[in-house]
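Peer 1: Sharing a structure with you now.
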Amino acid sequence: MRQPLIAGNWKMNGSKAATVELLNGIKAGIGDIGTSEVAVCPPFPYLYLAEEILSGTAIRYGSQDCSREEEGAFTGQVSATMLRDFGCTYAIIGHSERRLFNAETNAVIARKYQMVVAHGLTPILCVGETLEEREQGKTEEVVARHLDAVLDLPEGVAALAKGVVAYEPVWAIGTGVTATPEQAQEVHAFLRQRVAKKSAEIAAKLRILYGGSMKPGNALELMAQADIDGGLIGGAALKAADFLAICKAGDANV
Ligand code: PEP
C-alpha cells in the first residue's frame, strides 16, 4: 500500500501576506484529510512562514530546488543544510521549468538528488516529455533518460528508495491540458517497470505522482489509476479549497 502524496508546487507566486493566508487556509482544512500525505513547496523566502505556521500539524513542506553544492561561493543558491534548518521534508528536483530556464542537465539533477538525500530530505524527482517529444513517439525514451540519471548513480536503485518520482508531461504543465488517466497510467507503469527491473521491492514501494493541470475535477480519475500515487500540483495548489479538494481525492483512492 502506497500512501498518496499531494504536494503543492507554488512556484514563484505569492507575497508574505498571501503565503500566510494560503498556509492558514490549508491548515484549517487539514483535519478533513485522512490518509493522504500533504505537502507544500513555497518559494524559498517564505519557508520560514511554513515552519512557523505548519509546525505541530501533519502538513509537510519543502523547497522547489536545492543546490548541488554543500556551501560556499555559490551566489543565489540555497543548500540542503539550510533547507533542513527550516524543517523541510521535501525538495523538488529537476522540474521542467528548471531544466528549461536554468539549463539543468540530468547530471546536475542527479547530483542535486544525491545532495538532498545525503541531508535527510526526500527528493521529488520530476520527469516528463515535451509535446514535440511525445508527438515523435519519444516519451518513454525521454522519461527513461530522466529516471536513469538517478538509477545509474553508484548507489543504484537504492537511491530511488529514498525519493519520490513525479511524472509531469511538459505539455500539461500550466496549460489546462491534462494527460488522460490512460496516458498518465501508461507512463507511470513504464517508470515502475523500469525500476522493477532493478528491484521489484523498491518499485512496489515507490510513489509516482502525476503533475500537469491536476485539478479537483480530474484528480479522482487520475489517482484511481493503479500506478498514480498522488499529485504534484501547480496552479490548483494556490487556492486552499482546490488544493484540499485534491487531497480529499487522494484519500478516496487508497
Ligand atoms: C507543476 O509545475 O509542477 C505543475 C504540475 O503545474 P500545474 O498543476 O499548474 O500544471
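Peer 1: Do the conditions hold for Ala200, that is, is it among the small types (Gly, Ala, Ser) and open to solvent by 40 Å² or more (accessible area, probe 1.4 Å)? Show your work before the answer.
Peer 2: On the way: among the small types (Gly, Ala, Ser): yes; open to solvent by 40 Å² or more (accessible area, probe 1.4 Å): yes.
Considered against the rule, which asks whether it is among the small types (Gly, Ala, Ser) and open to solvent by 40 Å² or more (accessible area, probe 1.4 Å), Ala200 comes out as yes.
Peer 1: Let me ask something else. Checking the structure you have, find out if any residue of region 138-150 is open to solvent by 40 Å² or more (accessible area, probe 1.4 Å), among the charged types (D, E, K, R), under 19 Å from Leu206 (Cβ atoms) and in contact with a helix residue (DSSP H, G or I) (Cβ under 8 Å, 6 or more places away or on another chain). It would help to see each step written out before you state the result.
Peer 2: Going residue by residue through region 138-150, those that are open to solvent by 40 Å² or more (accessible area, probe 1.4 Å) are 138, 140-141, 145.
This time we only want the ones that are among the charged types (D, E, K, R), so: 138, 140-141, 145.
Still in the running and under 19 Å from Leu206 (Cβ atoms): 140, 145.
Cutting the leftovers down to in contact with a helix residue (DSSP H, G or I) (Cβ under 8 Å, 6 or more places away or on another chain) gives us 140, 145.
Yes, some residue in region 138-150 is open to solvent by 40 Å² or more (accessible area, probe 1.4 Å), among the charged types (D, E, K, R), under 19 Å from Leu206 (Cβ atoms) and in contact with a helix residue (DSSP H, G or I) (Cβ under 8 Å, 6 or more places away or on another chain).
Each row is one residue, and each column tells you yes or no for (1) open to solvent by 10 Å² or more (accessible area, probe 1.4 Å); (2) assigned to a loop (DSSP other than H, G, I, E, B).
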position: Ser213; (1), (2): yes, yes
position: Gly217; (1), (2): yes, no
position: Glu221; (1), (2): yes, no
position: Ala226; (1), (2): yes, yes
position: Leu232; (1), (2): no, no
position: Ala237; (1), (2): no, no
position: Leu244; (1), (2): yes, no
position: Asp251; (1), (2): yes, no
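Peer 1: A further question on this structure: Given the structure, is Ile30 closer than 18 Å to Ala240 by Cβ, among the β-branched types (Val, Ile, Thr) and either modelled with pLDDT of 95 or more or buried (at least 20 other Cβ atoms within 10 Å of the Cβ) (or both)? Spell out how you get there, then give the answer.
Peer 2: Numbers: closer than 18 Å to Ala240 by Cβ: yes; among the β-branched types (Val, Ile, Thr): yes; either modelled with pLDDT of 95 or more or buried (at least 20 other Cβ atoms within 10 Å of the Cβ) (or both): no.
Here the answer is no, as Ile30 does not meet what is asked.
Peer 1: A follow-up question, please. For the subset of region 186-211 comprising residues that are of a type in the set (D, E, K, R) and in a loop (DSSP other than H, G, I, E, B), which member is nearest to Cys126 (Cα to Cα)?
Peer 2: First, the residues of region 186-211 that are of a type in the set (D, E, K, R): 186, 192, 194, 197-198, 201, 205, 207.
Cutting the leftovers down to in a loop (DSSP other than H, G, I, E, B) gives us 197-198, 207.
On the way: Lys197: 20, Lys198: 20, Arg207: 12 Å.
Only one residue fits best here, namely Arg207.
Peer 1: State whether the residues of region 169-176 include one that is open to solvent by 50 Å² or more (accessible area, probe 1.4 Å), more than 14 Å from the ligand (Cβ to nearest atom) and in a loop (DSSP other than H, G, I, E, B).
Peer 2: Looking through region 169-176, none of the residues is open to solvent by 50 Å² or more (accessible area, probe 1.4 Å), more than 14 Å from the ligand (Cβ to nearest atom) and in a loop (DSSP other than H, G, I, E, B).
Peer 1: Another question, if that's okay. Scan region 95-116 and give yes if some residue there is assigned to a loop (DSSP other than H, G, I, E, B) and buried (at least 24 other Cβ atoms within 10 Å of the Cβ), otherwise no. Don't jump to the end; show me each part of the working.
Peer 2: Quick first cut of region 95-116, residues assigned to a loop (DSSP other than H, G, I, E, B) only: 95, 102-105.
Going one step further and asking which of them are buried (at least 24 other Cβ atoms within 10 Å of the Cβ), we end up with 95.
Within region 95-116, one or more residues are assigned to a loop (DSSP other than H, G, I, E, B) and buried (at least 24 other Cβ atoms within 10 Å of the Cβ).
Peer 1: How many residues does region 177-212 hold that are within 16 Å of the ligand (Cβ to nearest atom) and either closer than 17 Å to Gly94 by Cβ or at pLDDT 95 or above (or both)? Step through it out loud before you land on a result.
Peer 2: Residues of region 177-212 within 16 Å of the ligand (Cβ to nearest atom): 177-181, 183-184, 187-188, 207-212.
Still in the running and either closer than 17 Å to Gly94 by Cβ or at pLDDT 95 or above (or both): 180-181, 183-184, 187-188, 207-212.
So the answer is 12.
The values are calculated or read from the model by the stated rules, or taken from the named source; none is laboratory data. Predicted, not measured: the structure shown is a model, and the values here were computed from it. Every residue, glycine as well, gets a Cβ built from its backbone with ideal geometry; the counts of neighbours run over all protein chains shown. What goes into the accessible areas is simple: the full protein's heavy atoms, side chains included, and nothing from ligands, DNA or RNA. Shrake-Rupley method; radii C 1.70, N 1.55, O 1.52, S 1.80 Å.
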